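What follows is a single structure, written as structure tokens, with notes after it.
The values are calculated or read from the model by the stated rules, or taken from the named source; none is laboratory data. Since this is a predicted model, take the numbers as computed values, not measurements. In this analysis, Cβ positions are derived from the backbone assuming ideal geometry, glycine residues included, and neighbour counts consider all displayed protein chains. The protein model used for the area step is the full one, side chains on, heavy atoms only, and it has no ligands, DNA or RNA in it. Shrake-Rupley method; radii C 1.70, N 1.55, O 1.52, S 1.80 Å.
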Amino acid sequence: MLAYAIRRLTYGFGVVLGVLGLLFVLFFLYAEPIDMAQRALGEKAPPEVLQQWIADHGYDRPWTEQFRDHYVRMLTFDFGRSDLDDVSIARRLREGAGPSLSFTVPQFFLGLVLGIGLSLFVAYFRETYIDRAGVVLAVLAMSVSILLYIIGGQYLIGKVLNWFPISGFDPDPSVLPRFIAMPILIGVLSAVASDVRFYRTVFVEETSRDYVRTARAKGCGDGRIMSRHVLRNALIPILTRVVVAIPFLFTGSLLLESFFGIPGLGAVMVEAIHGNDFSTLRVMVYILSLLFIVFQIVTDFTYTLADPRVRLE
């Protein structure tokens, strides 16, 4: 297992280097410094002001020097300052991580429990009207845009029923649940249909295995078979889907944070896109790539916990 871990970490580091090279090409070789300065300061800014902005941000240096600085800074997590307002990007990430995680983590666990529970229920009644109705409803729910969930939820829950604020955020623990309740609810509702569709397929496939027939022959009830044997043997595809989703908890949700006014990392990315803030966008893409690679490696090791027959060689 140690050799496998070293090999995977080596591959992962190679992928990180490749991602950094691609980011440099996309964000700095493709874009001209004068265009970046005009987007940050405005097209009517005087030429001397634009040149001073380019010099202050180091974009007037040879590309080889910028290339080396790009790798060194990203690998040492020295993210520098924003092109838009010169604020430290690391500080902006620290400030945005809390608001993002405050609603993405509860949304993730609530959606996971609800998705697996509903999928087990539908799969338990496979080839019945309950199963068919569950599949049809899941497909219909998946066909609806998340924008409709957000706008409909804000109108119905926020305006008509007045249960929660339509938008806004307050980190005070006494009022925080009121502000994040509706984003969590809408996030779960918009994603649970695809979870049910996927997990139901996994569970139905497992119910056709020999061990299920053996368990029934021994007198084991269907409820116990579904909750203990089928669920346990379906852990590998579940872990694959779950662990891959974890990196996106840290980067927040672009749409939910924008519509609900949550100052998280998703809002940071949206602001960077609108303001052509290449430095911040580069860091956000790099962090997401890094987390994705790390959790891909973690996924491999969780397989051995879910199924002792799996060997990492």
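Key figures
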quantity	calculated
Dipole of the chain [Lys/Arg +1, Asp/Glu -1 at C-beta], most positive-end residue of SER258, SER208, SER279	SER208
Linear extension gain, ARG241 paired with LEU161, 0.36 nm per residue minus alpha-carbon span	25.3 nm
Helix axis angle, 235-245 relative to the chain longest principal axis, alpha carbon, degrees	20
Overall Cα dimensions of the chain, principal axis frame, Å, largest first	83, 59, 35
Under 13 Å, Cβ to Cβ, from ALA138 - net charge with Lys/Arg +1 and Asp/Glu -1	+1
Selected from PRO106, GLY117, ALA191, residue furthest toward positive end of dipole (the chain; charges at beta carbon)	GLY117
DSSP-loop GluC sites (Glu not before Pro) across the range 1-104, with at most 12 other Cβ within 10 angstrom	GLU43
Choice from ILE116, ILE146, ILE273 showing the highest fluctuation, given a GNM over the chain with Cα pairs closer than 10 Å	ILE273
The range 1-115: C-alpha gyration tensor shape, a/c 1.5 cut-off, then a/b vs b/c	oblate
Hypothetical label at ILE297: residues of the range 75-99 whose amide nitrogen lies under 16 Å (7 Å Cα-Cβ projection)	75-77
For the range 160-243: rounded, prolate or oblate by the Cα gyration tensor [a/c cutoff 1.5]	prolate
Exposure of VAL204 as accessible area (Å², to 10), given a probe of 1.4 Å and all protein chains	40
The range 225-310 shape via C-alpha gyration tensor axes, a/c threshold 1.5	oblate
Dipole moment magnitude, nearest 20 debye, the chain about Cα centre, only Lys, Arg, Asp, Glu C-beta charged	1680
Heavy-atom accessible area ranking, 1.4 Å probe, most first, across TRP63, TRP53	TRP63, TRP53
Under 14 Å from the LEU176 label point (7 Å along Cα→beta-carbon), backbone N, the range 251-275	263-264
Rounded to 10°, Cα long-axis angle of helix 63-75 versus longest principal axis of the chain	40
13 Å cut-off, amide nitrogen to a point 7 angstrom out along VAL105 Cα→Cβ, residues in the range 272-296	none
Neighbour count of at most 12 Cβ within 10 Å plus DSSP loop: longest trypsin sites (Lys or Arg not before Pro)-free window in the chain	45-217
Chymotrypsin sites (Phe, Trp or Tyr not before Pro) within the range 97-140: DSSP coil, no more than 15 neighbouring Cβ in 10 Å	PHE125
Mean separation of Cα contacts under 8 Å (6+ apart) over length of the chain, as relative contact order %	27
Per-residue ³J(HN,Hα) for the range 6-17, Karplus 6.51 cos²θ - 1.76 cosθ + 1.60, θ = phi - 60°, Hz, x for Gly and Pro	5, 5, 5, 5, 5, 4, x, 5, x, 5, 4, 4
